[in-house]
Amino acid sequence: VQLQASGGGLVQAGGSLRLTCTASGFTFSGYTMGWFRQAPGKEREFVAAIRPNGGSTYYANSVKGRFAVSRDNAKDTGYLQLNSLKPEDTALYYCAAGRAILSTLATSGGYVYWGQGTQVTVSS
């Protein structure tokens, strides 16, 4: 089982990035995919999630309207589009997969598989 996150980098404030999460070793289409991030010295926090069929998406208030989560089950791949980036978005971004119910969607406990993280750095 593996989740491979990629696409991070250094970008100026106001810029955009697209993160990719590629799954292997399990039935990706059967799992909710989530994105979390962790900044230095801070707790890991929920960013966004998307249900297995892509029909429902969820966002943290801090990224709503700027980030967009999507998935392509035929490619076992999920995406997180980051727009209008701010310096406070700087963090290590993780993708995760699990059978999260609504009450656990925004918590680590809702996910069983985790990627290694990809660094996003936003300069001011």
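One line per residue, one yes/no per condition, for (1) assigned to a loop (DSSP other than H, G, I, E, B); (2) open to solvent by 80 Å² or more (accessible area, probe 1.4 Å); (3) not β-branched (V, I, T):
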position: G41; (1), (2), (3): yes, yes, yes
position: F46; (1), (2), (3): no, no, yes
position: N53; (1), (2), (3): yes, yes, yes
position: A74; (1), (2), (3): no, yes, yes
position: Y94; (1), (2), (3): no, no, yes
position: Q119; (1), (2), (3): no, yes, yes
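Out of (1) over 17 Å from T118 (Cβ atoms); (2) open to solvent by 30 Å² or more (accessible area, probe 1.4 Å); (3) in contact with a strand residue (DSSP E or B) (Cβ under 9 Å, 6 or more places away or on another chain), what's the single condition that is false for L105?
In the conditions (1) over 17 Å from T118 (Cβ atoms); (2) open to solvent by 30 Å² or more (accessible area, probe 1.4 Å); (3) in contact with a strand residue (DSSP E or B) (Cβ under 9 Å, 6 or more places away or on another chain), L105 misses (2) alone.
V63: at pLDDT 95 or above, surrounded by 14 or more Cβ atoms within 10 Å (Cβ to Cβ) and outside any loop (DSSP other than H, G, I, E, B), yes or no?
No, not satisfied.
So T90 clears everything in (1) open to solvent by less than 60 Å² (accessible area, probe 1.4 Å); (2) farther than 28 Å from A13 by Cβ; (3) touching a strand residue (DSSP E or B) at 6+ places or on another chain (Cβ under 7 Å); (4) not basic (K, R) except one condition, right? Which one?
(2)
The values are calculated or read from the model by the stated rules, or taken from the named source; none is laboratory data. This is a predicted model, so every value here is computed, not measured. Every residue, glycine among them, receives a Cβ derived from its backbone with ideal geometry; neighbour counts consider all protein chains shown. SASA here: full protein model, heavy atoms, side chains in, ligands and nucleic acids out. Shrake-Rupley method; radii C 1.70, N 1.55, O 1.52, S 1.80 Å.
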